[in-house]
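One structure is given here, and the rest of the page talks about it.
The values are calculated or read from the model by the stated rules, or taken from the named source; none is laboratory data. All of these numbers come straight from a predicted model, not from anything done at the bench. Methodologically, a virtual Cβ is constructed for each residue, glycine included, from the backbone with ideal geometry; neighbour enumeration extends over all protein chains shown. Heavy atoms of the whole protein, side chains included, go into the accessibility calculation; ligands, DNA and RNA do not. Shrake-Rupley method; radii C 1.70, N 1.55, O 1.52, S 1.80 Å.
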Amino acid sequence: MLSLETIKSDIASLGSDVHVDTSTPDLFFFRGSERRMPFATIVTRDTEFDSFARLDGDGSFRLNIALNRETFGELFPDHTTRSALEAANFDYAARDEILPHPVYGRMHWVCVVNPDSTYARCRVLLGKAYELARR
């Protein structure tokens, strides 16, 4: 498993305009100083609103990446509608598997808990997310 610090460093190196908000235990990555909407996040704990990944207890974390409709559809062609996402039976606690985000999948976010073998693909998606954040 790659370390959270390695992934944080990789995301920060996408561009000189990447800002990382570390004011909570979770990390939020923004492009530019406006900090309106992150293009990626790293969640390090369960909350009352999101415990799908079962992160508490073993040092796990979930990388979340914002994509556009087209890229999301390429990854999940059978889950491009809200109803398809709600009807799906994804195991959001699965490790090292790229999945639609359990809450924000309908907004074209994807996630992966403890990326390892999927990380090369995650890096490509992070690059796309960074480019999309420019717009």
**Item:** Where a residue in segment 1-12 is at pLDDT below 95 and its partner, wherever it lies, is in a helix (DSSP H, G or I), with Cβ under 6 Å and at least six apart
**Value:** Leu2/Tyr119
**Request:** Working carefully through the options Thr118, Thr71, find the one that is over 16 Å from Thr41 (Cβ atoms), in contact with a Lys or Arg (Cβ under 8 Å, 6 or more places away or on another chain) and open to solvent by less than 50 Å² (accessible area, probe 1.4 Å).
**Result:** Thr71
**Prompt:** Ala129: of a type in the set (A, V, I, L, M, F, W, C), crowded, with 19+ Cβ neighbours inside 10 Å, in contact with a Gly (Cβ under 8 Å, 6 or more places away or on another chain) and under 29 Å from Ser33 (Cα atoms), yes or no?
**Reply:** no
**Message:** Scan segment 88-103 and tell me whether some residue there is among the basic types (Lys, Arg) and open to solvent by less than 20 Å² (accessible area, probe 1.4 Å).
**Reply:** no
**Hits in segment 22-49 (condition: in contact with a Pro (Cβ under 8 Å, 6 or more places away or on another chain) and part of a strand (DSSP E or B))** = Phe28, Phe29, Phe30
**Item:** Selection from segment 88-135 of residues that are free of Cβ contacts under 8 Å to residues at least 24 places away in the same chain, in a helix (DSSP H, G or I) and either charged (D, E, K, R) or in contact with a strand residue (DSSP E or B) (Cβ under 7 Å, 6 or more places away or on another chain) (or both)
**Value:** Arg121, Glu131
**Asked** Does segment 40-55 contain at least one residue that is open to solvent by less than 60 Å² (accessible area, probe 1.4 Å), in contact (Cβ under 8 Å) with a residue 60 or more places away in the chain and acidic (Asp, Glu)?
**Response** no
**Request:** Tell me which residues, restricted to segment 13-39, are modelled with pLDDT under 90 and either touching a Phe, Trp or Tyr at 6+ places or on another chain (Cβ under 9 Å) or surrounded by 14 or more Cβ atoms within 10 Å (Cβ to Cβ) (or both).
**Result:** Arg35, Arg36
**Where Ile7 falls short, out of the listed (1) open to solvent by less than 50 Å² (accessible area, probe 1.4 Å); (2) outside any helix (DSSP H, G or I); (3) within 22 Å of Gly105 (Cβ to Cβ)** = (2)
**Item:** Members of segment 1-26 found to be touching a helix residue (DSSP H, G or I) at 6+ places or on another chain (Cβ under 7 Å) and among the hydrophobic types (A, V, I, L, M, F, W, C), listed by number
**Value:** Leu2, Ile11, Leu14, Val18, Val20
**Request:** Could you figure out which of (1) assigned to a loop (DSSP other than H, G, I, E, B); (2) surrounded by fewer than 21 Cβ atoms within 10 Å (Cβ to Cβ); (3) in contact (Cβ under 8 Å) with a residue 40 or more places away in the chain isn't true of Thr80?
**Result:** (3)
